[in-house]
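The next block holds one structure in the form of C-alpha cells; read it before the comments.
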Amino acid sequence: MSTGVLDCPEDSNSTDCHLRAVLRVLKESQDQEDSKYDWDPVTFVFTVLLGVAALAFAVLTIAQGLVAARKGYRKASKRAISTWAANTQKEWIWGELNFQYTARTPIFRIDYLLDWVEDWDPKGWAECPDPAYEDVDPGHGLQSATAATWIAFFKVTGLEKIEPPVKAGPSEKNNLPVKAWLLDRVGLQEKAEPSENVCGLRSAVADFLPDDLVAAPAYAQGGVVIAAAAAVGIQRWPFTKGFPEQPVIIGRSFQFDFRQHPILGSIGSFSNHHPTDRKMKVPSPLKLKSTMQYALGIIQLHGLSQSEDEKIKVNLVSDYESFKDLMVKVARDTQSVHTTAPYHGRFEVPRAFFGEHVNASHCLFKAVTPDDPPELFPLTSSKLSMDCSLTTLALCGMYWAEADLYAFGKSEFGSWPIPIKEHPFPSWRRFDWRADSPPHDGYGNIRGDTAVLQLCLKQVENPDEVREWYGKADPATQQDLRRRILEQLCRVDSWFWREKDVDYRIADLYRTYLLLSHAEKTTEANIFNALAEECGSDGCHANENSKFAAARSHHPRMMRVLRNLLDALDLTEDTLEESRMPDGESTGPLKDLDHMREVFGRYRDELDAIAAPFSGMSKDSTHLLLDRLGLVVVCNSEQEDGWPLWDRFLRPRNDSRRDVDDVLIFRFILMVLLFQTAIDNSEVLNSSLWDRVIPII
C-alpha cells in the first residue's frame, strides 16, 4: 500500500480519509482485473465468429459497390449479348481502380456480305443449288433471355451464319505485292479503323455507352438490314416515295424499327413474333448474297454461249452501259452451228440501232435463271421497268403472234378462256400442259403451267393491269405465283438442253426484235406517210379485221407500212442471189439486178429510215434484212391467193422448229414477270439510309 494513501490532515476526520483510500485501492485493483482478456474457449469462439461475419459483410459491401459501378460489365456480359460475350475484352484501369469492358460485336457492311459468301457455280441451266432456306426450330433460338434484340435478328435473318475471313497472319507479309511490301517497310501501309478490324467485329467501350442501352449494340449498314429482312419476307414495304425518317419494316412475324436516338442518331430495334410451334425459315448465306446483289441492281448474264460456264455480272445501276457491249456482241457476233436455211438466213442489224434501242430490259434475253425469286430490285434506277413492247416481241413468234390477246387480257387469273378450241394450248414439242403430268419425265418432256402461261399472255396484252392485280393479291398468292414462275423457268431451261443452235436463235430473235422496234418508232414518226396511205391488196385490210385481237392488232400502221413497202420492192430469191454476187460478176438475168437497183433507188428514204442508214450496208445485207421483215409480215398475216410474199415465205412460216422462238419468247416474258414482281427498292437505294451504318440495340 502506498504511504500517500494514509496521509490525512490532522484536523480532518481520519475515518473518512481512510475509507476514501480503501475505495481508491479497490478501484485500481478492479481496473487491473478488467484489463485482462478472458481466454475462455466459448467466449473466444463466439468472438471469432462475430469478427468473421463482420469482415465478410464488409467485404461483400465493398465488392457490391465495385460491381455496381461496372455498368460496362452488364452491357457486355453473356446475358446481354449471348455468345458474343466471349469476344469482350477486360482491362484494369489504375486511375479509376476499376475494370473497363470493351465489347466486340459484329458489324455487317454490304461489301463484307458480298465478299464473304462464295458464289455457287452451277454446271447447267436447270441444276438445282442448295436450298435457299433452312427450317429452324424457333423455340430455343428466339426464347433465349438476352437483352440485345440484334441476337434474335441475326438468328432470324441468317446473318449469324456469315463467317468472317481468316485474319492474315505475319507469315503472309512475305507474299505481299511489291507496292504493299514497300509501304509496309516504310510504315505507310493503310491502317484499318481502330474500332473495327478485318474479322467483322467492332469495338465499343461498354462503360461509356448511353444509360438507356441495356446491351452493347451490333452494327450494320441500312442496306444489309433491309436486304436481310427482305430475304425473310417483307409484308409491308415502307420505302416508297417520300418515306419517313424512321420507317418500320413489317415482315412475316417480325418487325424492325428505325428510331432516332439523342446520342447515337439513327438506331435499329428488332422484335419477333414467330409462333414457337411452327418451323422458322431462315435464309441461307447464298440467299442473303443473291438478295443483296439484286438489291444493288446486279444480275448475271450468260456469255455468247449459254452452254458454257462463263457468267458475266453487270450492275444496271452504277454501270448502266456495262451490258451494252455484251448485247451488241450477242446480236452481231453469234454464229450458227449449221448451214443456214432461208428461215435462218443471216441478216445484220446496223450498229446505229444499238445506241438508240438497246435498253436494260434486253439483258433478260441472256439473264441467268435465279436460284430463288429476287426479293428486291431497283426497277426504276436500273431502268429495267422501262417500256419493253412485248407485243412487238410476240410478232417474232408463232403461237404468240396468233394468240387472242384480248380474250386472255379479260380472263380471270386461273381460268383459261373458253372455248378451248378457239384458245388452244401451245403445241410446242415436249411440252405437256396437263396439271397431273410430271415436271420432267426423263425423256426431255416437261410440264407446262397453264396459269403461268395465261399470266404471260395477260402481261403481253396489258402489263399495267397485271401489275395492279399482283399488287392487290395477298402475300401468300404472290409468293406462290413467283415460285411457280421460277419453276417454269427452270423447266424451260432444261427443255433447251435437247435443242441445237439455241445461242444463234437467241441472237436471231433479238436482232428481229430490234429491227421491228426501230420500224415501229419510224412509223410513229410519220416517216412513211405515203406507204401508210396506200391500200395495197384487199388482204391488207383483211388482216386488220382478223377474227382475233392478235399481237399485230397493236401495230396495224407498222404492219401496213412494211407490207406495202415489201410488196412495192417485189424482191425474190433471184434478186437475193444477185445481191450476193460481187459487182461485175453477175451471171443472172440483168432484169433482176436492174429491178433491185431501181426499187432501192426509188425507196431510198424509206430504206434509210429502216436500215439506219441503208447507204452503209451492202446489197445482200439489205436484202436479208428486208427478207426478215417479209417473214414477219407473212407470219402475222392470213393466207391470200396470188400474194407473192406469202408464196415465198409460206414454208419458213410453217416450219415446225419455230417453236424454239416461241419458247425463247416464253422464257423472256417469264424473266420480265419474275423481276417486275420484285419490290422496287430504288427510293431507299438512293437514300442515305442505305449506306449509313446504324447500331442495332
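Annotations
- Meeting the requirement of 3 or more residues that are at pLDDT 90 or above and under 29 Å from the mean Cα position of the chain (by Cα), the helices (runs of 4 or more DSSP H) wholly within the stretch 628-696 are 659-676, 682-685, 688-691.
- For the stretch 434-493, the set of residues classified as out of contact with any Lys or Arg (no Cβ under 9 Å at 6 or more places or on another chain), closer than 24 Å to residue 406 by Cα and outside any helix (DSSP H, G or I) consists of 462, 473, listed by residue number.
- Check on residue 216, surrounded by 14 or more Cβ atoms within 10 Å (Cβ to Cβ), touching a Gly at 6+ places or on another chain (Cβ under 8 Å) and modelled with pLDDT of 90 or more: no
- Those residues of the stretch 258-302 which are without any contact (Cβ under 8 Å) to a residue 60 or more places away in the chain and surrounded by 17 or more Cβ atoms within 10 Å (Cβ to Cβ), in sequence order: 298
- For the stretch 223-264, the tally of residues that are hydroxyl-bearing (Ser, Thr, Tyr) and more than 13 Å from residue 153 (Cα to Cα) stands at 1.
- Pairs, first assigned by TED's automatic domain parsing to the domain that holds residue 632 in the stretch 376-403, second part of a loop (DSSP other than H, G, I, E, B), C-beta under 6 Å, six or more apart: none
- Looking across 86, 69, 58, one residue alone is more than 30 Å from residue 291 (Cβ to Cβ), modelled with pLDDT of 85 or more and among the small types (Gly, Ala, Ser). It is 58.
- Count of residues meeting criterion [surrounded by 14 or more Cβ atoms within 10 Å (Cβ to Cβ) and either aromatic (Phe, Trp, Tyr) or in a loop (DSSP other than H, G, I, E, B) (or both)] in the stretch 219-244: 6
- Scan of the stretch 644-671 for residues that are farther than 22 Å from residue 390 by Cα and in contact with a Leu (Cβ under 7 Å, 6 or more places away or on another chain), ordered by number: 645, 649, 652
- Residue 490 modelled with pLDDT of 90 or more and in contact with a Cys (Cβ under 9 Å, 6 or more places away or on another chain): yes
- Set 694, 665, 679: member being hydrophobic (A, V, I, L, M, F, W, C) and within 25 Å of residue 447 (Cβ to Cβ): 665
- Of the criteria (1) loosely packed, with under 14 Cβ neighbours inside 10 Å; (2) in contact (Cβ under 8 Å) with a residue 24 or more places away in the chain; (3) farther than 25 Å from residue 328 by Cβ, which one residue 500 fails: (3)
- Here residue 671 fulfils each of the conditions (1) in the same structural domain as residue 474 (by TED's automatic domain parsing); (2) out of contact with any strand residue (DSSP E or B) (no Cβ under 8 Å at 6 or more places or on another chain) apart from (2).
- Residue 322 vs. criteria surrounded by fewer than 19 Cβ atoms within 10 Å (Cβ to Cβ), within 25 Å of residue 351 (Cβ to Cβ), among the hydroxyl-bearing types (Ser, Thr, Tyr) and in the same structural domain as residue 370 (by TED's automatic domain parsing): yes
- Applying the condition of being of a type in the set (A, V, I, L, M) and in a helix (DSSP H, G or I) to the stretch 268-295 and asking which residue is nearest to residue 160 (Cα to Cα) yields 288.
Per-residue answers, yes or no, for (1) modelled with pLDDT under 85; (2) of a type in the set (Asp, Glu):
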| site | (1), (2) |
| --- | --- |
| 475 | no, no |
| 529 | yes, no |
| 534 | yes, yes |
| 543 | yes, no |
| 561 | no, no |
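- Within the stretch 423-468, tally of residues that are under 22 Å from residue 677 (Cβ atoms), of a type outside the set (D, E, K, R) and exposed (fewer than 14 other Cβ atoms within 10 Å of the Cβ): 0
- Between 381, 385, the distinction of being within 27 Å of the chain's Cα centre (by Cα), over 30 Å from residue 576 (Cβ atoms) and not in a loop (DSSP other than H, G, I, E, B) belongs to 381 only.
The values are calculated or read from the model by the stated rules, or taken from the named source; none is laboratory data. Just so it is clear, the structure is predicted and the values come from calculations on it, not from any experiment. All Cβ positions, even for glycine, are placed from backbone atoms using ideal geometry, and neighbour counts span all protein chains on display.
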